[in-house]
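A.B. asks: Before anything else, here's the structure in question.
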Amino acid sequence: MRILVTGAAGHLGEALVRALRSRGDEVVALDVLDSPFVTHRGSIADRALVRRCMAGVDAVLHAATLHKPHVATHPKQAFVDVNVTGTLTLLEEAAAARVRAFVLTSTTSAFGRALSPPAGAPAAWIDEDVRPVPKNVYGATKVAAEDLGELVHRDSGLPVVVLRVSRFFPESDDDPERASGYDGTNLKLVEFLYRRVDIEDVVDAHRCALERAAAVGFARYVISATTPFEREDVAALGIDAPAVLRRRVPEHEAEFARRGWRMLPTLDRVYVNARAQRELGWQPRHDFRSVLARLRASGEFWSPLAQAVGAKGYHR
C-alpha cells in the first residue's frame, strides 16, 4: 500500500513510519519538521502540498497536531490552523483522491471536563458514549476535527476512523505536583491502570483501523491499555484506589514494596477500550500486569518500539 503519514517527525508519526516500512508499505511522510522519517516538509494546511502528497495514496494516517503542551506557547488561532483547517484540507483532498481509508488520530483529552469528577465522587468510566466537554483550545479543536471527519464521510463516503488515544509519550507528567511526588516510572506504570497505552499498541490500533475502515464507515474509538478494573469499582476508586488495586491485582504489592513505589490515592477516570477490541479486532498487548511482569523480569519498562522512538519533547 501507499500510505500518507502526517506528523511523521513526532512520537507516533515516526513509530507509524517505522512499522509501515518494516512491512513493506510505501510511505509518504509529511511534517513541518525535518527528520530521517520525513519525505515531504511542510504544513498540512498547504492544500497544494497536501494534494501532491495525496497522489496515488491508498490510505491516510493523520497524526499531525498541535498538542496540549502547546496551549501555553501557541495562540488559539494556531490550533485552528493546524488541527481544524489542516485536518479539513487532508479530508477533502483524500475524498477527492478516492482514498480508501482515513485514520484520524485524536486524543482522550477531547473528553475534557468529563474526566474530572469532584473529589470523593466515583471515577468517571470513559467509553465512546461519554460526551466530550472540552476544557481548552486543544480539546475543542480535536473534537472539531473529529466532527469534520464525520461530515466528510457523510458527504463523500470517505471511510474515517477516529482513534482517541490516551498518553503514550515518555516525557514527565504534565501535573508538576504529581510528577515531583512520584518516581517517574512508578507514575507511568500506574497510568496503565487507567490512562496510558504503549506506542506499539497505538500503532497496531492504526493498522486495525486501516483494515476495518471500509466496513466501519465512520466511528470513534478509545485507545488505551486494558484496565483491570470493572465498572463496579468506580465508587471505590474515587475514595481508596490502593484498596481496589490490591483486590484486582494483588501481585503488584511485592514489586511495589521492593521498589518503594506507591499507588495513587484516588483515580478520577478509567479509559475503557472494549469497543475498539470488539469492532476493530484490536488486541493490545501491554497493560499494567504485563508491564509489571516485564519490569520484574528484566528491569525494562518500555516496549522495543517505544525505546527505538525515544523521547522527543514537543515541537516549537
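A.B. asks: Modelling each spin label as a point 7 Å along the Cα-to-Cβ direction, I'd like the residue 294/residue 254 distance in nm, to one decimal.
C.D. replies: In this crude label model, residue 294 to residue 254 measures out at 2.2 nm.
A.B. asks: Normalised by the number of residues in the chain, what is the relative contact order in percent for Cα pairs under 8 Å and 6+ residues apart?
C.D. replies: After rounding, I find 19 percent.
A.B. asks: Shifting gears a bit: Which one of 219, 48, 311 is farthest out on the positive end of the charge dipole of the chain, using unit charges on Cβ (Lys, Arg +1; Asp, Glu -1) and the Cα centre as origin?
C.D. replies: 48
A.B. asks: From largest to smallest, what semi-axes in whole angstrom does the range 178-316 give when each is the square root of 5 times an eigenvalue of its alpha carbon gyration tensor?
C.D. replies: 27, 20, 14
A.B. asks: How big is the gap, in Å, between the Cα center of the range 264-283 and the Cα center of the range 17-90?
C.D. replies: If we compute the Cα centre of each part, the gap is 27 Å.
A.B. asks: Need one number: nm distance between label points at residue 33 and residue 274, each 7 Å from Cα along Cα→Cβ, rounded to one decimal.
C.D. replies: 3.8
A.B. asks: What per residue convex hull volume, in Å³, do the alpha-carbon atoms of the chain yield?
C.D. replies: So the per-residue Cα hull volume is 125 Å³.
A.B. asks: Helix-derived [θ] at 222 nm for the chain: sum -39500 (n - 2.57) over DSSP H runs of at least 4, divide by residue count, nearest 500?
C.D. replies: Value at 222 nm, helices only, nearest 500: -12000 deg cm²/dmol.
A.B. asks: Separate question: Using a simple spin-label model with points 7 Å from Cα along the Cα→Cβ vector, what separation in nm is obtained for residue 135 and residue 147?
C.D. replies: Using points 7 Å along Cα→Cβ, the separation is 2.1 nm.
A.B. asks: For the chain, compute the number of Lys pairs whose alpha carbons are separated by less than 19 Å, excluding pairs fewer than 8 positions apart on the same chain.
C.D. replies: 8
A.B. asks: Next up: For the chain, list the DSSP H helices whose alpha carbon atoms reach 18 Å or more along the long axis and whose average Kyte-Doolittle value is -1.0 or above?
C.D. replies: Counting only whole DSSP H runs, the qualifying helices are 137-156, 199-216.
A.B. asks: Does the range 1-100 come out rounded, prolate or oblate, given a ≥ b ≥ c as the square roots of the eigenvalues of its C-alpha gyration tensor, rounded meaning a/c under 1.5 and, failing that, prolate meaning a/b above b/c?
C.D. replies: Taking the square roots of the gyration eigenvalues as a ≥ b ≥ c, the range 1-100 is oblate.
A short reminder: the numbers here are calculations on the coordinates, not readings from a lab. Keep in mind that this is a model prediction, so the values were computed, not measured. Cβ atoms come from the backbone with ideal geometry, glycine included; neighbour counts cover every protein chain shown.
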